[in-house]
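Enquirer: Questions regarding the structure given below will be posed in turn.
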Amino acid sequence: MSNSIMRKIAKFIVEKHIIIMLLFVVLVIYSALSISKVRVNEDITALLPPKTATRRGLTVMENEFTAFASANVMVSNITCEKAAELAENLREIENVATVSFDDSSEHYASSSALFTVAFSAESEDERAIDALEQIKDSLSDYEVSVSTTVGQDYVKQLAGEITQVLILALIVIAAVLLFTSKSYFEVIILFIVFAVAAVLNMGTNYWLREISSITNSIAIILQLALAIDYAIIFCHRFQDEYDRQRNVKSALTDSLAYSIIEISSSSLTTISGLVALMLMQFRLGYDLGLVLTKGIICSMLTVFLLMPGLIMLFHKALLKTRHKNLVPNITGWGRLLSKKVPVFLIIFAFLLPAAIVFSAKCEYTFSDSETDRITLSEQDRIKAHIYNTFDETNMIAVLVPVGDYTKEKALISEVNGFPGIRSALGLASIEIEEGRVLTDPYTARAASELLGVDIETAKLLYALYGYEHDSFQPILGDSDAFAVPLIDMLEFLFEAKDRGMITLDDDKEQMIESMRGTLDDALVQLRGEHYSRIVFNAAVPVEGEESVALIENIESSARKLYSENGKTELSEDAIIVIGDITSAKDLEDSFRMDNNRVSFLTIAFVFIVMLFTFRSLGAAVLLILVIQSSIWLNFSFPYITGTNLFFVTYLIVSAIQMGATIDYAIVLYNRFQLRKQDYAPKQAMAIAVNESFSTILTSGTIMTAAGFIIALRTTDLYISSIGLTLGRGALISVILVLTVLPQVLLVGNKLIEKTMIDFKKLLGGGADEQEKLDETK
């Protein structure tokens with residue numbers, strides 16, 4: 001696209017600025033109204049690849065089972081006898097289904113009692129919330145710690161934290177912009193532009209099916225940090241053009257024509273990193289990458305289309321509030337960097353091998369419980385307090401074909417013998433009387449004794465069952481020998497009563513209805529249309545060889561049992577084992593593929609963009625080397641400090657750090673190349689460092705501050721980890737660009753010039769747009 005065409009586009013935008021501004025008013029209203037309609041998913045496992053066992057199992061459970069709420073309630077400084085009394089009291093609370101407590105070390109240790117409470121309602125249900133409040137009231141005289149998701153509105157809590165983050169970030173950004181601005185009023189214009197771009201991006205998330213709570217929370221902050229440069233570039237360019245032309249429209253037209261190309265080129269490296277992120281198997285990368293890419297586009301369009309109209313509207317205030325440059329002149333620092341001995345480059349050469357080795361030793365985690373937290377929420381503190389006294393356990397759900405109670409009982413019996421298994425819950429494990437479980441076969445006589453009904457009524461019930469199920473033994477044969485799984489007979493009893501086939505006295509009816517409620521609660525949690533669910537409680541860590549081996553052994557036993565030692569072929573989905581352990585393993589498997597893919601594609605995309613932008617192979621390699629080194633240094637810190645890192649943090653931050661902070665290096669390189677036309681390389685570098693300092697300081701400070709504020713003010717594990725690592729990475733990139741890069745470019749100056757590529761010749765002609773733009777600078 002020729003410069004003349006770009007100027008025509010810019011002139012059209014400036015002349016039609018009123019119409020464009022009115023259009024933006026409509027778009028902002030539409031987007032603002034759409035924000036509340038955006039679907040936010042707080043379940044990170046929903047982002048797992050669809051073919052993983054965890055995702056397949058979760059889909060089955062979502063479709064076939066109901067998950068009732070639970071809570072771990074710890075009472076400190078209490079005797080075991082008193083705790084047993086409290087357990088009985090808790091069982092009497094309405095909508096409390098079960099309370100597990102005994103004198104074992106699993107429930108009583110160090111003068112503290114741990115009650116495992118199961119509710120007969122889901123976490124968001126008012127019945128569960130009311131029951132939890134009654135539990136707290138009944139234990140108000142004791143030292144109590146309650147760990148639960150009941151009544152916890154995670155999205156609302158996170159939104160409140162992010163609001164605080166945004167306010168603090170805007171205060172810091174306002175201070176930075178006031179320091180680096182040319183006019184006080186430009187800060188107001190910049191915030192208007194960003195606010196509009198942010199609303200457009202958040203509102204258009206409605207077009208997507210849904211977004212993750214992580215993306216929903218941090219996208220606005222990252223959009224601000226990544227894209228506010230665009231408005232700064234255009235605003236400063238306009239003021240420079242106005243000083244030269246003294247005509248608002250003409251200055252706007254020329255500055256916009258130049259800025260469209262400059263900003264679009266600058267955004268390509270950032271978008272390259274985000275596109276690489278979108279190719280992750282773990283869909284958080286796609287989710288965040290897509291929303292941020294859309295945010296970059298919204299920001300550019302707002303700068304190109306809306307900002308000219310705002311400048312036309314407020315140009316008098318913009319020009320009247322101009323002030324002297326507050327950014328210090330650091331030409332002296334540039335001269336120091338240009339001295340004969342490249343001190344920082346030598347230090348860099350020693351640090352780089354260590355950074356590569358240490359970053360490779362960074363310990364990655366794949367679950368909440370195994371990851372070191374930066375900021376703890378109240379629930380995090382409560383969990384830590386409970387697990388300092390009692391062993392942390394993990395739930396393992398096994399989905400097996402529905403209907404074969406004998407195999408379910410055999411599986412439960414076998415798995416209960418595995419190391420680490422503490423308890424099991426399934427239809428075939430619910431004890432009805434000593435030595436008998438809910439799925440065991442009962443004769444009419446055994447059932448009559450258990451249910452407290454007379455033998456004649458029980459035999460009649462069994463005869464009706466036989467008739468309904470085409471079995472004539474209880475009618476024509478020996479009815480005493482006819483046995484039916486108790487669960488089936490209970491269900492038939494409820495159905496027969498509803499149909500008026502049998503009648504019971506008031507006492508028996510009340511008892512039967514109570515049993516019906518208990519059984520219904522068990523069925524919706526443990527038996528679905530195609531699967532039965534068995535839940536094991538295991539005292540093993542979420543990650544590690546021991547835990548993976550346990551999962552494999554459980555699945556192997558289930559498959560062996562249900563295939564009758566290989567006689568029957570089972571599909572992949574016939575037996576599914578899921579839990580935090582399988583989730584961590586699936587995430588680790590996807591990380592192995594995503595890690596290499598994202599790293600390679602990020603560097604490849606950025607390299608291609610820079611190669612075509614600079615037309616020098618050497619320049620592209622040197623700039624990428626410096627920024628990649630900042631990434632290695634960034635991810636050396638967890639190893640040096642002895643902490644671990646959630647794997648998603650590495651994938652997201654490495655892509656964003658490369659795609660975004662490479663712009664700092666590009667700004668310095670462009671200034672260096674421009675000044676080399678008039679000065680010797682060392683003098684040109686000294687001037688280039690000073691001229692690029694303001695832009696690098698603004699961008700780097702905003703990214704760094706945004707990251708650290710996110711880390712320190714949010715309790716979400718993933719968001720705080722991303723914030724800390726991104727803030728630290730941006731700071732390292734700024735330091736390297738202002739210390740190492742100038743010396744790298746001076747040492748590699750001849751390499752840069754010798755590896756220049758003439759794409760004009762390679763492509764057989766064409767306009768050299770960059771040279772034309774350089775002439776306008």
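Laboratory data are not the source of any read-out in this text; all were calculated from the coordinates shown. Computed from a predicted structure; not experimentally measured. In this analysis, Cβ positions are derived from the backbone assuming ideal geometry, glycine residues included, and neighbour counts consider all displayed protein chains.
Enquirer: Can you compute the modelled spin-label distance between ILE192 and ILE261, with each label point 7 Å from Cα toward Cβ, in nm?
Expert: With each label point 7 Å from Cα toward Cβ, the separation is 2.9 nm.
Enquirer: Apply 1/(1 + (r/R0)^6) to the Cβ-Cβ distance of PHE12 and ASP153, taking R0 = 35 Å, and write down the FRET efficiency to the nearest 0.05.
Expert: 0.15
Enquirer: Moving on. State, as an integer percentage, the relative contact order of the stretch 70-149 based on alpha-carbon contacts under 8 Å between residues 6 or more apart.
Expert: The value is 44 percent.
Enquirer: How high is the FRET efficiency from SER556 to SER369, r the C-beta distance, R0 35 Å, rounded to 0.05?
Expert: 0.90
Enquirer: Given a Förster radius of 30 Å and the C-beta distance between GLU545 and ALA46 as r, what FRET efficiency does 1/(1 + (r/R0)^6) yield to the nearest 0.05?
Expert: Efficiency computed from Cβ-Cβ geometry: 0.65.
Enquirer: So how do HIS236, HIS323, HIS385 line up by other beta-carbon neighbours within 10 Å, fewest first?
Expert: So the residues, fewest neighbours to most, are HIS323, HIS385, HIS236.
Enquirer: Please give the contour-minus-distance gain from TYR142 to LYS361: 0.36 nm per residue of separation, less the Cα-Cα distance, rounded to one decimal in nm.
Expert: Extending this stretch completely gives an extra 74.2 nm.
Enquirer: Using Cβ counts within 10 Å as a stand-in for footprinting exposure, how do GLU392, GLU126, GLU106 rank, fewest first?
Expert: The most exposed by this proxy come first: GLU126, GLU392, GLU106.
Enquirer: Size of the dipole of the chain about the Cα centre, Lys and Arg at +1 and Asp and Glu at -1 on the beta carbon, nothing else charged, in debye to 20?
Expert: 7800
Enquirer: For the chain, what relative contact order do you get, as a whole percent, if you take Cα pairs closer than 8 Å and at least 6 residues apart?
Expert: 20
Enquirer: Next question, about the same structure. What does the net charge come to around GLN157 if you take all other residues with beta carbon closer than 10 Å to its beta carbon, with K and R at +1 and D and E at -1?
Expert: Residues near GLN157 contribute -3 overall.
Enquirer: Stokes-Einstein diffusion coefficient for the chain at 10 °C in a medium of 1.306 mPa s, Rh from the Kirkwood formula over Cα pairs: what value in µm²/s?
Expert: The diffusion coefficient I find is 52 µm²/s.
Enquirer: For ARG527, ARG127, which order do you get if you count the other beta carbons within 10 Å of each Cβ and list the fewest first?
Expert: Going from sparsest to densest Cβ surroundings: ARG127, ARG527.
Enquirer: If you put +1 on each Lys and Arg Cβ and -1 on each Asp and Glu Cβ, how big is the dipole of the stretch 70-149 around its Cα centre, in Debye rounded to 20?
Expert: Magnitude of the dipole: close to 200 debye.
Enquirer: Based on Cβ point charges of +1 for Lys and Arg and -1 for Asp and Glu, what charge dipole magnitude is obtained for the stretch 388-474 about its Cα centre, in debye rounded to the nearest 20?
Expert: Approximately 120 debye in magnitude.
Enquirer: By how many nm would the segment from LEU326 to LYS249 grow when fully extended, if each residue of separation counts as 0.36 nm and the alpha-carbon distance is taken off?
Expert: My answer for the length gained is 25.0 nm.
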